[in-house]
1. Percent of Cα-Cα pairs more than 22 Å apart in region 128-281, please.
2. Over the chain, with the other protein chains present, what is the accessible area per residue in square angstrom, probe 1.4 angstrom?
3. Subtract the Cα-Cα distance of Glu128 and Ser115 from 0.36 nm times their separation in residues, and report this length gain in nm to one decimal.
4. Using 0.36 nm times the number of residues separating Thr81 and Glu30, minus their current alpha carbon distance, what extension gain do you get?
5. Between Arg5 and Arg186, what is the label-to-label distance in nm when each label sits 7 Å out along the Cα-to-Cβ direction?
6. Order the peptides 119-131, 256-268 from the highest to the lowest mean number of other Cβ atoms within 10 Å of their residues.
7. What number in nm² do you get for region 1-142 if you take the convex hull of its Cα atoms and divide its surface by four?
8. Hey, what number do you get for the chain at 222 nm if only DSSP H runs of n ≥ 4 count, each worth -39500 (n - 2.57), divided across all residues, to the nearest 500?
Amino acid sequence: EAGARSAMSLANVAYLPVYTWANPKLADLETQALVPMFGDFPLELGVQIDTPAILRRFADDARYQDLFFAAFPDDEDPFTTARIVDALSAFQRTLISADSPYDRYTYDGDETAMSAAARRGMTLFFSELGECYHCHAGPNFSTSFRSATTEAGPPDFQNNGLYNLDETGAYPHGNGGLYEFTGNPRDQGKFRVPTLRNIALTAPYMHDGSINTLAEVVDHYAAGGRNIVDGPNAGDGRMNPNKSPLVRPIDLSAQDKADLVAFLESLTDETFVTDPRFAAP
């Protein structure tokens, strides 16, 4: 079944305090894995349709027999839903991306790692003019971040002015964001801030994949939101009352916009995306 949300990046997923775009209670990978496995709306992996048959596929596969018994040597029968979830979560925690041109320039001192345009874009990204860094902050370029040395805080969800269907902040049905879990009208259109690592490889953008290119994303933020003039989603997102105050019109030249895109492209970690450990075995 077709879903209403854009698939999120798994790069550095181990450092997230919450999972999915808007659920404030999915706080670990083990719990999150059950959503696509058993979810009904939309139907994704459909494990609930015939769980015993799916488990038999693992138990009857010679390669998985070796792998599961090696991973869970104390289990008489490791071919369970719980162990599949354990295996998935353990693998996801190895998906670490930290070798982009930006990383090599910033942390390794490689002056040649980033182009002049990317460096100009970086200056703008971290400036009070651009203000991008307020939400896309820290080592994972997201305020949704935790580590062994950070204190747990409330999950951060933001409205970036994509929609405003009724001039009171409404978003399309089924894409209400945090509001779907809290029922608070002020939470309409609030979603988790995604990482920007490898962002050039993960089009389309936004929670619903409604923006196609990085250049269009930059245009969206420079305009302070999106004004949809006709159709079922018509409305001026720039005037959304729930919009983050940090999303406001910015006077950017064509060069500024191109430089920001160049900076975002410098967050692509070729070492990570070509690592054979993360490819199909």
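The values are calculated or read from the model by the stated rules, or taken from the named source; none is laboratory data. Quantities reported herein were computed from a predicted structural model and do not represent experimental measurements. Here Cβ is always computed from backbone atoms with ideal geometry, including for glycine, and neighbour counts include all displayed protein chains. When the accessible area is computed, the model is the full protein with side chains, heavy atoms only, and any ligands, DNA or RNA have been set aside. Shrake-Rupley method; radii C 1.70, N 1.55, O 1.52, S 1.80 Å.
1. Percent of Cα pairs beyond 22 Å in region 128-281: 46.
2. Value for the chain: 53 Å² per residue.
3. This chain segment gains 2.5 nm when fully extended.
4. Working it through step by step, the gained length comes to 17.3 nm.
5. 2.3 nm
6. Descending mean neighbour count gives 256-268, 119-131.
7. 12.4 nm²
8. -8500 deg cm²/dmol
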